[in-house]
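For reference, the structure discussed in these notes is given below.
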Amino acid sequence: WDHQHLEQLSGIIDASADAKLLVTSRFARLVPDAIDIVVDEMSREQAMQLLQAGEQLEDKELRSMRRACVLCHNHALALSMVASMRQMTGWSWTKISEYLENHKCNVKWTNSSYNTNYKGLMECIELSMQCLSPEQRARYEALAVLPEDVWMPQELLQQYWGLEDEMDTLRAINELRDRSLVQIQRSTAAGKEVQCSIKPHDLQRDYLIDRARKAQCLERLH
């Protein structure tokens, strides 16, 4: 997000080995004297190919899938969530596209530029949350407290969510991961997995914060 993040990588590149540093960012010219490699947004056909994944669909379902891509504005995170939504619920693309078409999100981005750059994403996040049980939704909403770019380890999550044991915590983590609502980072030691940590995508985190702010405003009104 900013130049300070690059300080951790200072001095690790061995120029004599012809090594290069690859940085991904939404911001151009973040790295002085860098060579830019622009990765364009997905085209409609690429988005369709990603969602279809070789599955044979009837014409009506294909049209509905295309409509879902339009409503998601080909945004990779939104597409991931609707694909997970279909897999977890068994809904048809017709039903998913109708939900996306008719759903009006009650939360608004605090950052006004998001309304232009990330159209359709908020609706996907909110619909994914509606598919959660009340307990799952409460756990997800609680992740709004995470600072930016901070991963929460499962041991801390177990205490924070008030779960009894490690298996319950891993089950809760996987429920959110399967819906593309969190990212997972796994650590290993001696070839054995010892820990996993999670965090929402930055845009999902911003949504959770805006949702929490709205809830606080409603509480004050009451």
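The values are calculated or read from the model by the stated rules, or taken from the named source; none is laboratory data. Everything quoted here is computed from the prediction, not taken from an experiment. Please note: Cβ atoms are built from the backbone with ideal geometry, for glycine as well, and neighbour counts cover all protein chains shown. The area values use the complete protein model at the heavy-atom level, side chains included, leaving out ligands, DNA and RNA. Shrake-Rupley method; radii C 1.70, N 1.55, O 1.52, S 1.80 Å.
Among the numbered criteria (1) open to solvent by 40 Å² or more (accessible area, probe 1.4 Å); (2) within 30 Å of residue 57 (Cα to Cα); (3) out of contact with any Cys (no Cβ under 9 Å at 6 or more places or on another chain); (4) in contact (Cβ under 8 Å) with a residue 24 or more places away in the chain, which one does residue 118 miss?
Against the list (1) open to solvent by 40 Å² or more (accessible area, probe 1.4 Å); (2) within 30 Å of residue 57 (Cα to Cα); (3) out of contact with any Cys (no Cβ under 9 Å at 6 or more places or on another chain); (4) in contact (Cβ under 8 Å) with a residue 24 or more places away in the chain, residue 118 comes up short only on (1).
Does any residue in segment 1-13 that is farther than 15 Å from residue 29 by Cβ come within less than 7 Å, Cβ to Cβ, of a residue that is in a loop (DSSP other than H, G, I, E, B) and open to solvent by less than 80 Å² (accessible area, probe 1.4 Å) six or more places away or on a different chain, and which pairs are these?
13/19
For residue 104, all conditions in the list (1) assigned to a loop (DSSP other than H, G, I, E, B); (2) open to solvent by 80 Å² or more (accessible area, probe 1.4 Å); (3) farther than 30 Å from residue 126 by Cβ; (4) not β-branched (Val, Ile, Thr) hold save one; what is the number of the exception?
(3)
Is it the case that segment 28-44 has a residue that's β-branched (Val, Ile, Thr), assigned to a loop (DSSP other than H, G, I, E, B), surrounded by 14 or more Cβ atoms within 10 Å (Cβ to Cβ) and modelled with pLDDT of 80 or more?
Within segment 28-44, none of the residues are β-branched (Val, Ile, Thr), assigned to a loop (DSSP other than H, G, I, E, B), surrounded by 14 or more Cβ atoms within 10 Å (Cβ to Cβ) and modelled with pLDDT of 80 or more.
Is it the case that residue 64 is in a helix (DSSP H, G or I) and loosely packed, with under 10 Cβ neighbours inside 10 Å?
On the way: in a helix (DSSP H, G or I): yes; loosely packed, with under 10 Cβ neighbours inside 10 Å: no.
So residue 64 does not fit the description; no.
A quick yes/no check of all residues on (1) modelled with pLDDT under 85; (2) among the acidic types (Asp, Glu); (3) more than 12 Å from residue 107 (Cβ to Cβ); (4) in contact with an Asp or Glu (Cβ under 6 Å, 6 or more places away or on another chain):
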| residue | (1), (2), (3), (4) |
| --- | --- |
| 183 | no, no, yes, no |
| 187 | yes, no, yes, no |
| 193 | yes, yes, yes, no |
| 196 | no, no, yes, no |
| 200 | no, no, yes, no |
| 206 | no, yes, no, no |
| 212 | no, no, no, no |
| 217 | yes, no, no, no |
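Going through 62, 57, 21, 77 one at a time, which residue ends up being free of Cβ contacts under 8 Å to residues at least 60 places away in the same chain and either among the small types (Gly, Ala, Ser) or closer than 23 Å to residue 183 by Cβ (or both)?
21
Residue by residue, here is whether (1) in contact (Cβ under 8 Å) with a residue 12 or more places away in the chain; (2) open to solvent by less than 30 Å² (accessible area, probe 1.4 Å) holds:
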| position | (1), (2) |
| --- | --- |
| 125 | yes, yes |
| 128 | yes, yes |
| 133 | no, no |
| 149 | yes, no |
| 178 | yes, no |
| 196 | yes, yes |
| 204 | yes, yes |
| 216 | no, no |
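If I ask for residues that are farther than 21 Å from residue 202 by Cα, in a loop (DSSP other than H, G, I, E, B) and small (Gly, Ala, Ser), which ones from segment 5-27 would you list?
Once the filter is applied, which keeps residues that are farther than 21 Å from residue 202 by Cα, in a loop (DSSP other than H, G, I, E, B) and small (Gly, Ala, Ser), segment 5-27 yields 10, 11, 19.
Given the options 109, 91, name the one that is farther than 30 Å from residue 217 by Cβ, in a loop (DSSP other than H, G, I, E, B) and either of a type outside the set (Gly, Ala, Ser) or over 19 Å from the mean Cα position of the chain (by Cα) (or both).
91
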